[in-house]
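Scroll down for the structure; my scribbles are underneath it.
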Amino acid sequence: MSVSIRSLKQGITQLSIGNEATPLLVIDDLVLNPDWLITNACAAPNFSADAANFYPGIRKPTPSCYQHAIQQALLPLLQTVFTPLQPASLHILLSAFALSTTPPSQLRPIQMLPHIDASTTNQLAMVHYLAGPEFGGTSFYRHKQTGYERITADRLPNYSAILKAQAQSAQLHRNPAYVSGDNTMFSRIFQVEAKPNRAIIYPGNLLHSGDIRPETGLSTEPRQGRLTISSFLQWC
C-alpha cells in the first residue's frame, strides 16, 4: 500500500497575507489515505532528534512514495500561484514526520522566536497536519522594528544584527516559552488552524512559527502528539 494525493480541483484556499502580500496555500484533505501515513509514522525506524537543526522535537523521513506523490501533484498548482518564477521542476530537499516534544524549559532562545527556513526565493515550506486543532497550527509574523515579513538574502544581515541585540536585551532564557502571538519584537499577521490532513504551503523566507501548545501534551507517540509532516521544496 502507498499514499495517494487526491485531485487538486477543490478544497484549496489561496491567500495573500501581510503588508507584503505573500502567497499562502491551504489545501484540505490532501491525501486519500491519511491513516496510512500515521501508521507509517508509528512503524520503525523510530523518530530521533537532530542537533544540527533547531526543530524543537524529533523527526524521521517520510516514505519515498509520499515524496514522489507531492512532487508530481503539486508542481502544476505551484506554477499558478507562486509567480513570476514559474518553476519548471520541483525538488524535495527534506520531507520528514515531526513531533514537537521539547518542554519550554529546555528551549534555546532561537526556538522561542519566529524563524525562516531559507533566505532564497526559490524554496517553499509545506506543513501537512496529521493531528487535530487542539495541538495548534502555524502563525506568520512581522518583525516590528524593521517591518520585515520575509527575510531575503539582502535583508538578512541587517535583520540578524537587530534580532540578536533584541533577543539579548529581552533575556529570553529567563522566561522560556514557545512564541504565541504578538510580543515586543513581533506582530502576528496571520494564523492557520491545524486540521487533520490539511496542508499549507508558503515561501521559506516568510517569518513563521508553529503554534505549539505544551498544555496539550508533547508526546513522543505519533497517535498522541502534535504529528505533522514538514517538507522543504525547491524549484528550478
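A few comments on the model shown:
- In loop segments of segment 43-147 as defined by DSSP, the chymotrypsin sites (Phe, Trp or Tyr not before Pro) with at most 13 further C-beta atoms inside 10 Å of their C-beta are Phe54.
- Sum of side-chain charges, Ala21 neighbourhood, beta-carbon under 15 Å (Lys, Arg +1; Asp, Glu -1): 0
- Packing rank of 158-171, 19-32, where each peptide gets the mean count of other beta carbons within 10 Å, highest leading: 19-32, 158-171
- Protein accessible area in segment 1-128, 1.4 Å probe - carbon and sulfur %: 54
- Residues of type lysines that Lys195 reaches as a straight line, Cα spacing below 27 Å, ignoring anything fewer than 8 places off in the same chain: Lys9, Lys60
- Shape call, segment 22-164: gyration tensor on alpha carbons, a/c limit 1.5: oblate
- Anisotropy class of segment 55-135 from Cα gyration tensor, a/c 1.5 cut: prolate
- If only the Cβ of Lys and Arg carry +1 and only the Cβ of Asp and Glu carry -1, the dipole of the chain around its Cα centre is close to 240 debye.
- GNM result for the chain, Cα springs below 10 Å: residue of Ser100, Ser209, Ser48 fluctuating most strongly: Ser48
The values are calculated or read from the model by the stated rules, or taken from the named source; none is laboratory data. As the structure is a computational prediction, the values presented were derived from the model and not from experiment. Every residue, glycine among them, receives a Cβ derived from its backbone with ideal geometry; neighbour counts consider all protein chains shown. Side chains are part of the model used for accessible areas, which takes the heavy atoms of the whole protein and leaves out ligands, DNA and RNA. Shrake-Rupley method; radii C 1.70, N 1.55, O 1.52, S 1.80 Å.
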